[in-house]
Amino acid sequence: MAEGERSCLMRTYREPEIGFVRGRGAYLYDEAGRRYLDFIAGLGVNILGHCPPAVVRAVCRQAGRLLHASNLYRIDAQERLARILCGASFADRAFFCNSGAEAIDTILKAARLHFYRRGERQRRGIICFEGGFHGRTYGATSVTHRRTAREGFGPLLPGIRFAKFNDLASVESLISSRTCLVLVEPVLGEGGVIPARRQFLRDLRQLCDRHGALLAFDEIQCGLSRIGTPFAYQHYGVVPDFLALAKGLAGGLPMGAVLAREPAASAFQPGTHGSTFGGNPLSCAAALAVCQRVLVPKFAQRVRTLGEYLRQRLRERLGGLPRVREIRGMGLMVGIELSEDGQPCVEQCRRLGLLIHCTAGCVLRLLPPLIVTRAQIENAVDVLQTVLSGHGTKSPVG
Ligand SMILES: *Cc1c(COP(=O)(O)O)cnc(C)c1O
């Protein structure tokens, strides 16, 4: 945009100070050719880094053959992708859409329809969690707790209650024979990078079984090896009925998915749900290339090892600083909780060539691409130490 020009965009995002023209691996480049180490990776989307060659090749090949023909016709890549995702997980069936919020809406609809079709027509209730974030459609907004996401949009979907995260008693006080679904992020992302306790998710599974409710995991941010297992539920040893994916699934192209097991996986019948672009050949080609890499247990193991290394280095270098309250996370999903607003630190890091993000007000969030190296981790930790110890302006990156 030229100097003095008025933006024609709706003001849904904070006015950005910079933009990028090119990316490669863990780096982004601005118009001036300046290099930035990217530890937010498109909000967790670019899990294989920027322009991963295998994904770019698959997309270019598919773009030259067929972009779109609709779900009126068979899409072989969609079948293949569903088979790979189901084969690597608990799921019996998959549904493809274009975003995380759509995946969440799909789960809300499937859960209610499942019980409707079984004649349990009083089962409409949905339980989700304080601190949770599930997206921006009306359905996803309705199950998101944050005030700024909800205020002014009412009336939202009825039948939704919020329990306290990691607090089983709070769920017990809300769940009943009228509950159709419990929806939870195994690791709260926007809520401040807070992992669920293993026992909490195990107890939640039992509680759902006892009351006949379905359980859904929102793994849109924490799935696909981000926390060090191919799917987050595998780390917890708790099998949900539904699982939502998006973000990294197509390595940078828009795509969402719902994985489900029977009987809930068969709630939809032809005509009850769908998406024009969902599972289009281009996104599927990209996702096939991504899944071939990230669903391999060895890949996930490397993420876990690197994540441990990152947190260990952060603790060594930042642990004693007065502004730093806690360093936490799993795999390459890391939060640094500060005792103050994190936004100034985000901006200082950017000036020093490191891209990070701040969520829940005071939590610096690191979501590096899963292909990050130890040397890049060292660079990022250097910048964070410089910024959080409150002095120095020279760039240690590049
Ligand atoms: C990003 C995110 C969403 C929403 O995904 P969109 O693609 O923006 O609709 C939902 N849930 C979680 C946990 C997320 O991180």
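With the chain treated as a Gaussian network of Cα nodes joined by springs under 10 Å, which of HIS211, HIS50, HIS114 yields the largest mean-square fluctuation?
Result: HIS211 has the largest fluctuation of those listed.
Rounded to the nearest 10 Å², what accessible area does ASP341 show when all protein chains are kept and the probe is 1.4 Å?
Only protein atoms counted, so the area is about 90 Å².
From the backbone phi of the stretch 118-131, what are the Karplus-calculated ³J(HN,Hα) couplings (6.51 cos²θ - 1.76 cosθ + 1.60, θ = phi - 60°) in whole Hz, Gly and Pro given as x?
8, x, 8, 7, 8, 7, 10, x, 10, 10, 9, 10, 4, x
Show the residues, 5+ positions off or on another chain, whose built amide H is closer than 5 Å to the amide H of HIS357.
Under 5 Å from the amide H of HIS357: ARG365.
From zero up to wherever the largest Cα-Cα distance of the stretch 54-294 sits, split into 10 Å bins and tell me the percent of pairs in each.
All Cα pairs considered, the percentages come to 8, 34, 36, 18, 4, 0.
Tally up the carbon and sulfur contribution to the accessible surface of the chain as a whole percent, 1.4 Å probe, everything protein left in place.
Result for the chain: 52 percent of the exposed heavy-atom area is carbon or sulfur.
Please turn the phi angles of the stretch 320-329 into ³J(HN,Hα) values with the Karplus equation 6.51 cos²θ - 1.76 cosθ + 1.60 (θ = phi - 60°), one per residue in order, whole Hz, x for glycine and proline.
Each residue's phi maps through the Karplus curve to give x, 5, x, 6, 8, 8, 7, 10, 8, x Hz.
Please report the spacing between the Cα centers of the stretch 319-398 and the stretch 65-141 in Å, no decimals.
Centre-to-centre (Cα) distance: 34 Å.
Keeping all protein chains in place and using 1.4 angstrom, which order do ARG65, ARG325, ARG197 fall into by accessible surface area, from largest down?
Ranking ARG65, ARG325, ARG197 by accessible area, largest first, yields ARG65, ARG325, ARG197.
Ordered by packing density, taken as the mean number of other Cβ atoms within 10 Å over each peptide's residues, highest first, how do 213-220, 179-186 rank?
Highest-to-lowest ranking by the protection proxy: 213-220, 179-186.
Mind checking which of CYS291, CYS345, CYS60 has the largest fluctuation in a GNM of the chain, springs on alpha carbons under 10 Å?
In this elastic network of the chain, the residue with the biggest mean-square fluctuation among CYS291, CYS345, CYS60 is CYS60.
For the chain, set up a Gaussian network in which alpha carbons nearer than 10 Å are linked by springs, and say which option among ILE227, ILE47, ILE371 fluctuates the most.
Most flexible of the set in this elastic network: ILE371.
So what's the angle, to the nearest 10 degrees on a 0 to 90 scale, between helix 53-63 and the longest Cα principal axis of the chain?
That works out to roughly 50 degrees.
What do you get for the angle between helix 76-87 and the principal long axis of the chain? Use alpha-carbon atoms, 0 to 90 degrees, nearest ten.
For helix 76-87, the angle is close to 90 degrees.
State the extension gain, in nm to one decimal, for the chain segment bounded by THR373 and ARG121, taking 0.36 nm per residue of separation less the distance between their alpha-carbons.
So the chain would gain 85.5 nm between THR373 and ARG121.
Please list the non-local residues whose amide H lies under 5 Å from the amide H of ASP92, H modeled 1.01 Å from N, same-chain partners needing a gap of 5 or more.
Sorted by chain and number, the residues that satisfy this are ALA260, ARG261, GLU262.
Using 1/(1 + (r/R0)^6) with R0 = 25 angstrom and r between the beta carbons of GLU340 and LYS164, what's the FRET efficiency to the nearest 0.05?
0.50
Using a 1.4 Å probe and ignoring any ligands, DNA or RNA, find the accessible area of LEU355 and quote it in Å² to the nearest 10.
20
Work through the residues other than ILE356 whose Cβ is under 11 Å from its Cβ and net out their charges, Lys, Arg +1 and Asp, Glu -1.
Around ILE356, the charge tally is 0.
Among the aspartates and glutamates, which have Cα under 19 Å from the Cα of LYS164 when same-chain residues fewer than 8 positions away are ignored?
The reachable aspartates and glutamates, counting only those whose Cα sits under 19 Å from LYS164, are GLU130, GLU172, GLU185, GLU190, ASP203, ASP218, GLU219.
If you plug each phi of the stretch 242-252 into the Karplus form 6.51 cos²θ - 1.76 cosθ + 1.60 with θ = phi - 60°, what whole-Hz ³J(HN,Hα) values come out, in order, with x for Gly and Pro?
10, 9, 9, 10, 5, 5, x, 3, 10, x, x
Using Cα pairs under 8 angstrom and six or more residues apart, how large is the relative contact order of the stretch 54-294, in percent?
Relative contact order here is 31 percent.
Compute the helix-to-body angle for 297-318: its Cα long axis versus the longest principal axis of the chain, expressed 0 to 90° and rounded to tens.
Taking the Cα atoms of the chain, the angle to 297-318 is about 50 degrees.
The values are calculated or read from the model by the stated rules, or taken from the named source; none is laboratory data. Since the structure is predicted, the reported quantities are computational estimates derived from the model, not experimental observations. Cβ: placed from backbone, ideal geometry, glycine included. Neighbour counts: every protein chain shown. What goes into the accessible areas is simple: the full protein's heavy atoms, side chains included, and nothing from ligands, DNA or RNA. Shrake-Rupley method; radii C 1.70, N 1.55, O 1.52, S 1.80 Å.
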